[in-house]
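Here's the structure, in structure tokens; my notes come after.
Nothing in this text is a laboratory measurement; each read-out follows from the coordinates by a stated rule. Please read these numbers as outputs of a predicted model, since none were measured by experiment. Positions of Cβ are backbone-derived with ideal geometry, glycine not excepted, and every protein chain shown enters the neighbour counts.
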Amino acid sequence: MRQGTAASRRPRPPQPSLVVGGGLLGSHVALRLAAAGHPTTVFSRSFNPLLHAAAADKGVRLVEGAVELSTPLAKEIDAADVIFYTAGSSTPGASDRDPAASLVGSVAPAVALLEQVRRAGGRRVALASSGGTVYGCPTTFPTPEDAPLEPISVHGLNAVALERYAQFFADRHSLDLVVLRYSNLYGPGQLAQRSQGVVAAWARAIMAGEPIVLFGDGSVRRDFVYAADAAEATVFVALNPAAHGAYNVGTGCASSLREVLDVVEDVVDQPFVVETREAREVDVPLVELDCSRIRALTGWAPTTELRDGVAASWEWLRGLNMAGVQPAVEPSAGASRPR
């Protein structure tokens, strides 16, 4: 059992918070904030079923809208002390297929948000970035935050551009900024849409009686971090005034896709077929993040073991399936998406 620092355990006064993006990470961050007593609003074009199901009971306010220079978003920013930017539609495969569309869909909305925060003034921004792709193919493992940013995919390049824009606003306009670089998120709330999320994609395929897709020989290794654990880290950092710069959020321990496949086979306890496809150039061979910086600041460390997290993901998706909720899964959705 981990022990947090005195600063991380000390009760904090309620801080009105705005989460921009109602997907996997945004949903868990919002629910974590609300559970800690912070008035929380989620602004998004759509909302994860996990968030929809719990928002009313947890006191989370949902506002539908696009991230752009608009009055509705400005109004929500004005009412918040802390803004969590967790939106973004970029994935490694899709970004390489259409770099221009990925730029418009991921970087441009973030810049629009930063500009509105600049106009409002006095707000703190926690920006979600990609610890799985910004470092490219590093030479140091676990990889620390000061490693060179040398992405090998357009998706990673978008994440670096987003960070650079945010840092520009911090330097030029004194924006109060913290960046969180996540490894591979998974857990309840992951829907396996847009070719992301190996755990959810495989679970969905198994439920549908379809082959699961494995790119390459399964030797690609990923740092899988449970979404609820990552949300806890996010809130700890964002609400800590001593936090500045970039923080990795992962487990510091990589698992191969073959190892994940073994866990899935154990958890689902039913037969399925594995379809092997050619490895993709956009996939980083190894993601393993050094999270000592965030641990030193907050005392945070992940607590969910991979098997427990996969089991929770399977049960949540099975519940959706039994309820007749069937989010679309693309045929190529067998590779994990490094954030």
The relative contact order of the range 15-322, taking Cα pairs under 8 Å that sit 6 or more residues apart, comes to a percentage of 18
For the chain, percent of DSSP beta bridges that are antiparallel (nearest 5) comes out at 5
Semi-axes a, b, c in Å (a largest) for the chain, each sqrt of 5 times a Cα gyration tensor eigenvalue, come to 30, 22, 20
With Leu214 itself left out, Lys, Arg at +1 and Asp, Glu at -1 over residues whose Cβ is under 9 Å from its Cβ give 0
Net charge near Ala34 (other residues with Cβ under 10 Å of its Cβ; Lys, Arg +1; Asp, Glu -1) is +2
The alpha-carbon center of the range 41-79 and that of the range 84-161 are separated, in whole Å, by 21
For the chain, the helices passing both cut-offs (Cα extent along own axis of 15 Å or more, Kyte-Doolittle mean at least -0.5, full DSSP H runs) are 24-35, 108-120, 154-173, 227-238, 257-268, 306-322
Sparse-neighbourhood loop hits (GluC sites (Glu not before Pro), the range 28-130; DSSP loop; Cβ within 10 Å at most 13 others) -> Glu68
Scoring only Lys, Arg, Asp and Glu (+1, +1, -1, -1) among other residues with Cβ under 13 Å from the Cβ of Leu149 yields -2
